[in-house]
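The values are calculated or read from the model by the stated rules, or taken from the named source; none is laboratory data. It should be emphasised that the depicted structure is a prediction, and the values quoted were computed from it without experimental measurement. Cβ placement follows ideal geometry from the backbone for every residue including glycine, while neighbour counts extend to all protein chains displayed.
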Amino acid sequence: MSAAAPASASPTPLASSEALLVLADGTLLRGMAFGARGTAVGEVVFNTGMTGYQEVMTDPSYSGQLVTFTYPELGNTGVNPEDQEAEAPHVRGVIARQLAPCPSSWRSQGDLPSWLASHGVVGIAGVDTRALVRHLRERGAMNGVISSDGSSPVELLELVRRSPSMEGLNLAARVSTASAYPWRKLSATGFDQRPQPSPQRPYQVVAIDFGIKRAILERLTAHGCTVTVLPASSSLAEVLAHGPEGVFLSNGPGDPAAVAEGITLARDLLARADLPVFGICLGHQILGLALGGSTFKLGYGHRGLNHPCGGEGLVEITSQNHGFALEAGSLPEELVEITHHNLNDRTVAALRHRHQPVFGVQYHPEASPGPHDADHHFGRFTRLMAERRP
């Protein structure tokens, strides 16, 4: 890997404006520090999207990760509160090739480095991100550390090798809401001009927060739902106490097999047989696990805006962000139909229950990666609820 040296090599003094990136396999990269100064350990992954860096950084699904952006310049459009998927960034750190010196956008309300610094997120720029991505594609996503506090490469490598693997981590419990709350639609900006259905009576939906994105809540609302958000640890009794017509299982970070309470809830919901259930990303995986399937860790994950997914002669261009996937052969054929595959690697992209109003998609239909190909899944959810109204 170019521009790299083993972390065990004799340390070179670190200038105050410099930062180090050390991977668990001993790879060392030097760059320039931006954002907050300090040390952050996490799983090093990459995102191939050309836009949407603020949405990525605030997406709770990136909790515990150091995100490499493959687009060569970061920060072009600055930052603004409307592009946030949560109140603050959830990424542990940011890896960039180059930072835009002067952000330019009519929506910008600040620059990226200052915003990251205000939230305590470390960054490293000046890294050969093409070489780093090739390395991760060949070796797989792995733990790493970004440091700009003067720690030596040897100290950082020891720190990385002591850090836990993403496998087995229930990060959903860390990012979920602590208590129930009703979702209030954000103030309209006119930026999204899609027609919004207006049912005579809103659909009552309970959303289980495993790391939910604001954009998902906004799309549920746009499709005529009134949404109450509940913690990841919620029981069936707590869900039913809100009188839902449908239950939504959200996206989130970490290993889906470790989210025991969420899997138990999904099984209990499936046992009712009559309540529509819709899962996205981690929620989709939790549905698959509740149906008797199993998950596995992908080599380097799917994180980007241009993943083709298809079934029954149709293709959707989708936004994705996940490091685990359902094992297709583990899903019971008598209960589950795989409706979509990721057309790059044939992994499970969507499923539905053959006998109940239950389905899940691995990708993000709310994210609109240019087209709105997958937004219809929200309408599909509301139709299932409408069909069961007296």
Tell me which of these Gly299 doesn't satisfy, since it passes every other one: (1) under 23 Å from Ala260 (Cβ atoms); (2) out of contact with any Pro (no Cβ under 8 Å at 6 or more places or on another chain); (3) at pLDDT 95 or above. (1)
Which numbered condition in (1) among the polar types (S, T, N, Q); (2) at pLDDT below 95; (3) under 21 Å from Met32 (Cβ atoms) is the only one that Ser104 fails? (3)
How about region 325-359: which of its residues are under 20 Å from Arg303 (Cα atoms) and of a type in the set (Lys, Arg)? Arg346
Just the residues that are surrounded by fewer than 17 Cβ atoms within 10 Å (Cβ to Cβ) and under 23 Å from Thr58 (Cα atoms), please, taken from region 145-154. none
Collect the residues in region 341-360 that are in a strand (DSSP E or B) and closer than 13 Å to Cys309 by Cα, keeping them in residue-number order. His341, Asn342, Val348, Ala349, Ala350, Leu351
Taking the residues in region 357-371 that are small (Gly, Ala, Ser) and over 23 Å from Ala266 (Cα atoms) as candidates, determine which candidate is surrounded by the fewest Cβ atoms within 10 Å (Cβ to Cβ). Gly370
Filter result for the condition that a residue is over 23 Å from the mean Cα position of the chain (by Cα) and modelled with pLDDT under 95, over Ala273, Ala241: Ala273
Helices (runs of 4 or more DSSP H) completely within region 214-295 that count 1 or more residues being surrounded by fewer than 23 Cβ atoms within 10 Å (Cβ to Cβ) and charged (D, E, K, R): 214-222, 236-240, 260-272
Only one of (1) part of a strand (DSSP E or B); (2) buried (at least 21 other Cβ atoms within 10 Å of the Cβ) is not met by Ala374, so which one is it? (1)
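Here is a yes/no grid of residues against (1) without any contact (Cβ under 8 Å) to a residue 24 or more places away in the chain; (2) surrounded by 18 or more Cβ atoms within 10 Å (Cβ to Cβ); (3) in the same structural domain as Gly26 (by TED's automatic domain parsing); (4) within 30 Å of Gln98 (Cα to Cα):
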position	(1), (2), (3), (4)
Ala131	no, no, yes, yes
Arg137	no, no, yes, yes
Asn143	no, yes, yes, yes
Leu156	no, yes, yes, yes
Pro199	no, no, no, no
In region 116-129, residue surrounded by the fewest Cβ atoms within 10 Å (Cβ to Cβ) [restricted to those that are in contact (Cβ under 8 Å) with a residue 40 or more places away in the chain and out of contact with any Lys or Arg (no Cβ under 9 Å at 6 or more places or on another chain)]: Gly120
When region 354-390 is examined, which residues are found to be in contact with a Phe, Trp or Tyr (Cβ under 9 Å, 6 or more places away or on another chain) and of a type in the set (S, T, N, Q)? Thr382
Filtered residue count, region 203-254, keeping only those that are in contact with a Leu (Cβ under 8 Å, 6 or more places away or on another chain) and farther than 19 Å from Arg380 by Cα: 14
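Quick one: how many residues across region 85-114 are over 19 Å from Asp149 (Cα atoms) and crowded, with 22+ Cβ neighbours inside 10 Å?
To start, the set of residues in region 85-114 that are over 19 Å from Asp149 (Cα atoms) comprises 85-90, 97-112.
Of the ones still in play, those that are also crowded, with 22+ Cβ neighbours inside 10 Å are 85, 89-90, 112.
Residues that pass the stated criteria total 4.
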